[in-house]
Amino acid sequence: MAYQALDYFHLDDLLTEEERLTRDTVREFVTDNLMPVIEHCNMEGRFPKEIVKPAAELGLLGAPYPEKYGCANLGPIAYGLINQELERGDSGIRSFVSVQTSL
């Protein structure tokens, strides 16, 4: 069953179609790729390197930067939604992506 977030304030209605698609794509990525391995990784004290390449292929690293640099050129709302979904999976992964993007 797919994850369905609660939206008490109907904020989803304020998002563009692209923003919703970005959020839903990352939501699916987190559910399918991160959630199955993250608890094991935490127990083993290791970073889940196996998710880095798929995350990069989705455009999660450097998401707000221009396409001329090989990035997705997403707006700040979409980038925030990416981070929100990653945080749902694991705070360390969200930190990894935001640090790789922001530094």
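Mind checking which residues of region 3-43 are outside any helix (DSSP H, G or I) and under 17 Å from I82 (Cα atoms)?
Hits for region 3-43 are Y3, Q4, A5, L6, D7, L15, T16.
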Might you let me know whether region 1-15 holds any residue that is polar (S, T, N, Q) and modelled with pLDDT under 95? yes
Any idea which residue in region 6-30 is farthest from A72 (Cα to Cα), counting only those that are hydrophobic (A, V, I, L, M, F, W, C) and in contact (Cβ under 8 Å) with a residue 60 or more places away in the chain? L15
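Each row is one residue, and each column tells you yes or no for (1) surrounded by fewer than 14 Cβ atoms within 10 Å (Cβ to Cβ); (2) closer than 15 Å to R94 by Cα; (3) polar (S, T, N, Q).
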| residue | (1), (2), (3) |
| --- | --- |
| Q4 | yes, no, yes |
| Y8 | yes, no, no |
| L11 | yes, no, no |
| E17 | yes, no, no |
| L21 | yes, no, no |
| F29 | no, yes, no |
| M35 | no, yes, no |
| E44 | yes, no, no |
Filter result for A72 (surrounded by 15 or more Cβ atoms within 10 Å (Cβ to Cβ) and either of a type in the set (F, W, Y) or in contact with a Gly (Cβ under 6 Å, 6 or more places away or on another chain) (or both)): yes
Exactly one condition in (1) touching a residue at least 60 places away in the same chain (Cβ under 8 Å); (2) hydrophobic (A, V, I, L, M, F, W, C); (3) out of contact with any Ser or Thr (no Cβ under 9 Å at 6 or more places or on another chain); (4) over 17 Å from Q100 (Cβ atoms) is false for I77; which is it? (3)
Condition check: touching an Asp or Glu at 6+ places or on another chain (Cβ under 6 Å) and on the phi < 0 side of the Ramachandran plot. Does A63 satisfy that? no
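The values are calculated or read from the model by the stated rules, or taken from the named source; none is laboratory data. Computed from a predicted model, the values in this text were never measured in an experiment. Every residue, glycine as well, gets a Cβ built from its backbone with ideal geometry; the counts of neighbours run over all protein chains shown.
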